[in-house]
Amino acid sequence: MNSETDPSGVKLEPVVDDITATVARTAAEIRQGLVGRRDKAAGENPSGESQAEADVYADELLADRLASIEAVGEYASEEREACLDCGPTPGASGSEGGDRSSPTVAVAVDPLDGSSNLSSNNAMGTVFGVYEAPLPAAGRDLIAAGYVLYGPITTMIVADETGVTEYELTGGERTIVREDVTLPDEPVVYGFGGRVPDWPADFREYANAIETELKLRYGGAMIADVNQVLTYGGVFAYPGLESRSGGKLRLQFEGNPIGYIVERAGGRSSNGNRSILEIEPGSLHERTPVHVGNDELIDRLESALE
Ligand code: FDP
C-alpha cells in the first residue's frame, strides 16, 4: 500500500487506509440501501441533474462516515453545492502550533456514479479521490483514488503512488484479487458517451476509426465502462460536445480520480490536449472532457483533436 509521506515527512499510508476501509464498509450499506430508493428525489444536484433517492442516501452516508475520520478536513460530493468543512485545512498544519503529526486531506466523491441505471437495474459505482490540498484541487494533488463497482458482485479498485489493487468486497470486508493491476497491452474495447450528432467532427472521425478496430462496450455508468477498459484494455471517453464543450463529467469527482487510476495502471488520461491531472481547477463542480485508456489510443485521440 501507500508508503508515501507528505513534504513534512508525515506518513499518509494510514490515512489512505482508513479512508479506503471506510468507503468499502459504506459501500455495503449503499448497496443494501438501493432497494426502495430507485425513484427520483425532489431535488437536483448542483449540476442541474435530477437526483435519485439513492444518490441522496449514498451522499449522506459517505458524508457522515468520512467526515468523522480525524484526518479528513473537507468532504465534497457531486450531490452537494459546497464542501463540508470537517477539520483542519487539507495539506496545511494538522494541529495547533504547526505540529504536522496529523496530516489532513480532502475527500471528493461521486456517491452513486451512473445512477440513471437504477431504473434499468444496471451497474453503477462509487468514486472517491483523496487530495492533499483544499478543494477544488488539481489531479496532481491526489494521493489516492478508487472506486467501488456494484456489478453482479461488488469490487473495489484502489490506486495510490505504488500502483493499483483490485478487491472483492463481502459485507464491507476487502479481499485482494489482483495486485499491480495494469492495462492489457492489446486493447479490445471502447465506450464513448454523449449523442453522436452532438460529437464535434474531429471526435467523430476518431470514433469512426476506433469502431473498426475495437468492440463497443458502453453501459452508461462511467465506473462500469472504465472498468471494462481496465480489464480488457481500450479507451473510454466522454468527450466535449457541440452543445457543451466541457462534456458531462465533473473534474473533482470523476475526471481526476479516473485519470489518476488509469495513469497509475500504466495508461493515459487526457482532456483532449493534456493529462487531466494537469488541469488547474476553477470551481468545485466544473466539467471536463474525459478520455482514458491505452497510451497509443490517447496519443491518437490528441492528434485527432489538434
Ligand atoms: P449518471 O448521469 O447516470 O450519473 O456521472 C454521470 C454519468 O452517469 C456517468 O456515470 C456516465 O458515464 C454518464 O453520465 C452517462 O451519460 P449519458 O446518459 O449521456 O450516456
Exercise for the section: Any chance you could give the angle, 0 to 90 degrees and rounded to 10, that helix 201-211 forms with the longest Cα principal axis of the chain? Expected result: 80
Completion exercise
In degrees rounded to 10, the 0-90 angle between helix 13-33 Cα long axis and the longest Cα principal axis of the chain is 70
Handout entry: Gyration tensor (alpha-carbon) shape descriptor, region 13-178, a/c threshold 1.5
Key = oblate
Practice task
Please tell me the relative contact order of region 13-178 in percent, rounded to the nearest whole number, where contacts are Cα pairs under 8 Å and at least six residues apart.
Solution key: 18
Practice task
Considering the options Tyr167, Ala67, Asn121, tell which one lies farthest towards the positive end of the dipole of region 13-178, charges being +1 on Lys and Arg and -1 on Asp and Glu at the Cβ, about the Cα centre.
Solution key: Asn121
Exercise for the section: Summarise the accessible area of region 162-212 (1.4 Å probe, protein heavy atoms) by the percent that is carbon and sulfur. Expected result: 44
Completion exercise
Evaluated at 10 °C and 1.306 mPa s, the Stokes-Einstein D of region 189-305 based on the Kirkwood radius over Cα pairs, in µm²/s, stands at 115
Problem - Acute angle (nearest 10 degrees) that the helix 295-304 long axis makes with the longest principal axis of the chain, alpha-carbon atoms - result: 60
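At 1.4 Å probe radius, can you tell me the per residue accessible area of region 211-306 in Å²?
37
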Fill in the blank from the handout: Descending packing, highest mean Cβ count within 10 Å first, for 52-62, 276-286 is 52-62, 276-286
Practice task
State in Å² the accessible area per residue of region 13-178; use a 1.4 Å probe, count heavy atoms of protein chains only, and round to the nearest integer.
Solution key: 40
Practice task
May I ask for the distance between the Cα centers of region 161-239 and region 25-62, given as a whole number of Å?
Solution key: 24
Practice task
Find how much the distance from Ala67 to Ser47 grows on full extension, using 0.36 nm per residue of separation minus their present alpha carbon separation; answer in nm with one decimal.
Solution key: 4.9 nm
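The values are calculated or read from the model by the stated rules, or taken from the named source; none is laboratory data. Predicted model, so just to flag it, every value in this text is computed and none were measured. Quick reminder, even Gly has a Cβ in these numbers, built from the backbone with ideal geometry, and neighbours come from all protein chains shown. Surface accessibility is based on the protein's heavy atoms, side chains included, excluding ligands, DNA and RNA. Shrake-Rupley method; radii C 1.70, N 1.55, O 1.52, S 1.80 Å.
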